[in-house]
Structures are given as C-alpha cells and as structure tokens.
1. Against the conditions (1) farther than 28 Å from Val50 by Cα; (2) at pLDDT below 95; (3) surrounded by fewer than 21 Cβ atoms within 10 Å (Cβ to Cβ), where does Ile133 fall short? Just the number, please.
2. Out of the residues in the range 172-202 that are small (Gly, Ala, Ser) and closer than 10 Å to Leu102 by Cα, which is surrounded by the most Cβ atoms within 10 Å (Cβ to Cβ)?
3. Considering only residues that are closer than 11 Å to Phe178 by Cβ and either at pLDDT below 95 or touching a Phe, Trp or Tyr at 6+ places or on another chain (Cβ under 7 Å) (or both), which ones fall in the range 95-114?
4. For the range 56-83, which positions are within 17 Å of Ala111 (Cα to Cα), in contact with a helix residue (DSSP H, G or I) (Cβ under 6 Å, 6 or more places away or on another chain) and not in a loop (DSSP other than H, G, I, E, B)?
5. Across the range 108-130, which residue is farthest from Ser175 (Cα to Cα) among those that are loosely packed, with under 15 Cβ neighbours inside 10 Å and β-branched (Val, Ile, Thr)?
6. Six or more apart or on different chains, Cβ under 6 Å: which pairs go from a residue in the range 95-118 that's closer than 16 Å to Ser158 by Cβ to one that's among the polar types (S, T, N, Q)? Could you list them?
Amino acid sequence: MARYTGPTTKIARKFGEPIYGADKYFEKKNFPPGQHGANKKRRKSSEYGVQLLEKQKAKYTYGLLERQFENLFDQAQRSQGITGVILLQLLESRLDNVVYRLGIAPTRAAARQLVSHCHITVNGTVSNIPSRIVRPGDEIAVRERSKALEVITTAVASSRQSRYSWLSWDGSSLSGKFLNCPEREDIPENIKEQLIVELYSK
C-alpha cells in the first residue's frame, strides 16, 4: 500500500502549521525547513504556487498520494454540489479518517495501519481497505479480538469521543456510527478547498 513515510515535522514546517497534530519539534522550529529556513527572505508566491501548496497540504493531512487525490477530486467533480466541499466530505468519509476521528487511533497513519491489519469492522464485517468510503448509517467498530491492543486502548482512553456531530460513539462496545457527511463548517481542518478547485481547473 503506497503512502508517505518520510519525516512529518519537516512537512508540517513546510506549511507552517502542525498538520499531523501536536508536535514538540514543530514548536521548537516553527519556521520553514532547510539550511536558511529561519532567515531566508522568500519571494512572494505566485497564484499557482499558493494553489499547489494548498493541494499538497490537503494530501499530506489526509495521507493520500497524488493519484488517490486526483481520483477523489474527479469523483467530487462528477457529484452534484460544491466541488471543494464534496472533496473534503469524501476525504472525511474515508475509513481510515473515520477511525481516527472516532479516537480509535492517535493519528491517521495509525488508523490506516489498524484498518490494513484487519483490526476494524464495518457493519460487522472486517474491512482492510483504508480508502473505503463510509456511508451514513455505517457502524465502525474494533474487531473483538483486537480490543485489548495497547495502541487502541491508549488512544481511546486519551481521546475525547463525540467531538464531532456527524459521529456517535459507544465506549462500552468500542464502536461508532457514521451519522452523516459533515458540513463544511464542522470540518476542523484548515484547508482552503476553493484554491484546490482552481488549481485543477487550469
């Protein structure tokens, strides 16, 4: 399964925000990476450069590679509604992201691994496809024999479930339900989706 496995703090510094979550190294070096990152006088970015950076930020935030991202954008473009909003809703509906949002895993990368290693079920059936699009009404749960895994118990204990209005959580059964696609104002990621639409429209 293709995925980005390089340094995460360096990527977060590139965008100037902790897109992978709390990061003490990012706090120490909150400036662009590279030999002259702290002092380099950067030229004003072009319109294309700003749009490209926004697309890259969305890709790294949700852990997608270029082909996967393009496929989702094509799907969003074919759907009725605002393309940028639909794109974010599709990204939020990916199984690995839902597992992360439910608090079953501490990061999206960890959620992707839990899914691909068959620790997660959807409507009672094991699903090992992180890119699977979850539909409203689907129940996502930890597989019975995986409930004692340390990574899961630690994540559940330290997370605040039900922070998101489009998800419900049952701590006793370690299961949650995807109630509906989130509205744009409910998605917390700092992504300017219109810039991505403009980039692909060139």
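1. It is condition (2) that Ile133 fails.
2. Residues of the range 172-202 that are small (Gly, Ala, Ser), as a first pass: 172-173, 175-176, 201.
Next, from what is left, pick out any that are closer than 10 Å to Leu102 by Cα: 175-176.
Details: Ser175: 17, Gly176: 25.
Checking each candidate, the answer is Gly176.
3. Going residue by residue through the range 95-114, those that are closer than 11 Å to Phe178 by Cβ are 95, 97-99, 101-102.
Asn97, Val98, Arg101, Leu102, listed by residue number.
4. Across the range 56-83, the qualifying residues are Lys59, Tyr60, Tyr62.
5. Selected residue: Ile129.
6. Gly103/Ser159; Gly103/Gln161
The values are calculated or read from the model by the stated rules, or taken from the named source; none is laboratory data. What you are looking at is a predicted structure, and each value in this text was computed from that prediction instead of being measured. Because the Cβ atoms are built from the backbone with ideal geometry, glycine has one as well, and the counts that use them run over all protein chains shown.
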